[in-house]
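Below is one structure, written out as structure tokens; the observations come after it.
The values are calculated or read from the model by the stated rules, or taken from the named source; none is laboratory data. These figures come from a predicted structure and were not determined experimentally. Because the Cβ atoms are built from the backbone with ideal geometry, glycine has one as well, and the counts that use them run over all protein chains shown.
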Amino acid sequence: MHGVSAAEFFELLLEDAAAIEYERPLVRARAAGAEGGELAELERVKLLALQVREAFAARRRRESELSALFDTANDLAALRGVDSVLTAIVRRARQLLGTDVSYLTLHDAAAGDTYMRVTDGSVSARFQSLRLQMGAGLGGLVAQTAAPYATASYFTDARFRHTDEINDGVHDEGLVAILGVPLIRGSQVIGVLFAADRTERTFDRSEVSLLGSLAAHAAIALDNARLLEETRAALDELSTASRELRAHSASVERAAGAHDRFIDVVLRGGGVEDVAAAVTEALGGCITVVDEGGRVTPTDTGAVAELPPDPAAALTRARSTGRTVRDGSWWTAAVTVDSELLGGLVLHRDDELSDSEQRILERAALVTALLLLIRRTAGEAENRVRGELLEELLSGSTRDPDGLRERARRLGADLDRPHAVVVVRVEPRCRPRALAAATHLAATRGGLAGTHEGSVVVCLPDLTPDAAAATVRRDLSNAGAGAVTAGGAGPARGPGAVAAAHAEAARCAATLVALGRAGTSGSAEELGFFGLLLGEGRNVRGFVEATLAPVLEYDARRGTDLQATLQAFFDAGNSPARAAEVLRVHVNTVTQRLDRVARLLGRDWSSPARALEVQLALRLHRLTDEVPG
């Protein structure tokens, strides 16, 4: 061969030269004047070299396809998210087939159409959001026949039904050649995988086969996702059922435990406080016991902050419905006997109460009603006995002092201890509530309580009269007894001393009212001799104004303090000099002020008779000014 050999074709193969390069040896041989046989042999070698080149290219292409399929299988084996797997499949389809665009559509059974699930290489937003009617377009043909279809020129192909919506979307994307293969699950086509070019192109059999393999993997990914979702849903249902079963078992156990606690409270003679403690242990939160008006009961101290905004309204709703009522984070159960409302239980807890927990609270309200009924029955009997004993003590009958002492001892009272006697004045409508609170106070402190001559009377041991009166006023006011006026006297030792102390306490209460100090407390010792002078019907303010009105009006009008000068004058034993020292002014100033007083009250104001009235009026004026509010 004239300088040309078959080795050149091997070199071209090694260089992976283009097919056109294989013509160069033949061109040189012809130029060198090679004979016909030699040229024919070179042509045969060229064709063999090109066949080898095509075989190598096909093998490389097959290796690339197998690698892509292997990577896709790895994606599925790694249980990656279905979105990422489908995105990878569509991207690989575009790369392996060398198309401009690839995309995947899925059927929407609920909407009755097909929608774009994943796209790669797409530039049209309209195309990416396209929804296709079932059976329309090339994809509809693929779905109906469950077989792949390809078109080299989409708009001129009449094998499938064209629609304006699909044509507009394909036109926006600029697609011309389209290949579609079905995604099959079982015997059902669930979607279509597409590869498309923006120029005319004929897809060969290997490309159709490759896209079909990728579609099979996409169908597996979707089926795995469905199975995984169903498995997760089943596990969630199983977990939910298990949690509900555990919660139900726990609620049954908690209800049984609370029921046992309630029974134990009743059998061992416990009180409402024990029921509240049992509810708190079973349900958590903070429990408050209220009376029929929604007020905190005297036995439940420090729980006012745990009441709803309108406890009375919540209690009324709970009574009418017979069920637990929620108001924000408060839960109220009514305590009733027949149709009578005795009070309620208010639970403060931030999280919601389940039905079983509400039953526990309602059961606690039922047990509370039983305990209150028992307590009320026993209390009525004991209060009647206490009232009868106090009535005998106040009547002054001491024919059997030892018998009185024994009866008091059985009630938990010791008549030989020093007792303060408190007489309480309240409005008639508030008297039952005042008596109930007074009876409770006396029972808890080892005293006696009852009513006598229209007033509530309380005897408390080991307290001074003023402290006892203040305690009684505070407790009865807190119990809703309205304005409470409490006068105290004592101490009284022995059965025979109670009646006298009562008379003094009654005069003290009357004096407080006469002084305009209704709603306050005081003792006979605190009021001094005024308690002996004043009583029902005395017009204290009228006496003060009649005696001191000119001085009081002058002070009010001029901003002076003549009444203080008068008081200092009397306190100093009618000595202007000593009064000046107390007031820290010059003696002439005191003299001038007293002259002013003489012009206002008359020249005889310092006479013994007038001076006593002036001093008494000054004292009464100071006492009435001490009235709160």
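General observations
- Inside the stretch 466-487, residues that are small (G, A, S), without any contact (Cβ under 8 Å) to a residue 60 or more places away in the chain and either under 25 Å from A500 (Cα atoms) or surrounded by 22 or more Cβ atoms within 10 Å (Cβ to Cβ) (or both) make up a count of 5.
- One residue from L370, L361 being surrounded by 14 or more Cβ atoms within 10 Å (Cβ to Cβ), at pLDDT below 80 and in a helix (DSSP H, G or I): L370
- Members of the stretch 175-198 that are outside any strand (DSSP E or B), in contact (Cβ under 8 Å) with a residue 60 or more places away in the chain and of a type outside the set (K, R): L175
- Out of G191, G186, sole residue that is closer than 24 Å to L227 by Cβ and loosely packed, with under 15 Cβ neighbours inside 10 Å: G186
- Some residue of the stretch 185-195 being more than 56 Å from the chain's Cα centre (by Cα) and at pLDDT 90 or above: yes
- When the stretch 432-465 is filtered for residues that are touching a residue at least 12 places away in the same chain (Cβ under 8 Å), among the polar types (S, T, N, Q) and in a helix (DSSP H, G or I), only T439 remains.
- L616 surrounded by 16 or more Cβ atoms within 10 Å (Cβ to Cβ), under 60 Å from the mean Cα position of the chain (by Cα) and either within 18 Å of V551 (Cα to Cα) or among the polar types (S, T, N, Q) (or both): no
- Residues that are β-branched (V, I, T) and within 55 Å of the chain's Cα centre (by Cα), drawn from the stretch 147-184: I166, I184
- Top-ranked residue in the stretch 143-162 [being of a type in the set (V, I, T) and at pLDDT 90 or above; ranked as surrounded by the most Cβ atoms within 10 Å (Cβ to Cβ)]: T151
- Inter-residue pairs, beta-carbon under 6 Å, first in contact (Cβ under 8 Å) with a residue 24 or more places away in the chain and in the stretch 312-326, second assigned to a loop (DSSP other than H, G, I, E, B) and surrounded by fewer than 19 Cβ atoms within 10 Å (Cβ to Cβ), 6+ apart: none
- Among the candidates T439, T444, the residue that is surrounded by fewer than 17 Cβ atoms within 10 Å (Cβ to Cβ) and closer than 23 Å to E406 by Cβ is uniquely T444.
- Selection count where residues are of a type outside the set (G, A, S) and exposed (fewer than 14 other Cβ atoms within 10 Å of the Cβ), scope the stretch 109-125: 1
- So A449, is it at pLDDT below 90 and on the phi < 0 side of the Ramachandran plot: yes
- Some residue of the stretch 539-550 being in a loop (DSSP other than H, G, I, E, B), at pLDDT below 85 and either under 26 Å from L512 (Cα atoms) or not basic (K, R) (or both): yes
- Screening the candidates L415, L393 for the property of being under 19 Å from P491 (Cα atoms) and assigned to a loop (DSSP other than H, G, I, E, B) yields one hit, L415.
- Number of the exception - A486 against (1) on the phi > 0 side of the Ramachandran plot; (2) assigned to a strand (DSSP E or B): (1)
- Checked against the criterion of being among the charged types (D, E, K, R) and within 22 Å of D402 (Cα to Cα), the candidates D475, D462, D466 yield just one match: D462.
- Assessment of the stretch 327-341 against the conditions (more than 17 Å from the chain's Cα centre (by Cα), assigned to a helix (DSSP H, G or I) and touching a residue at least 40 places away in the same chain (Cβ under 8 Å)) yields no matching residue.
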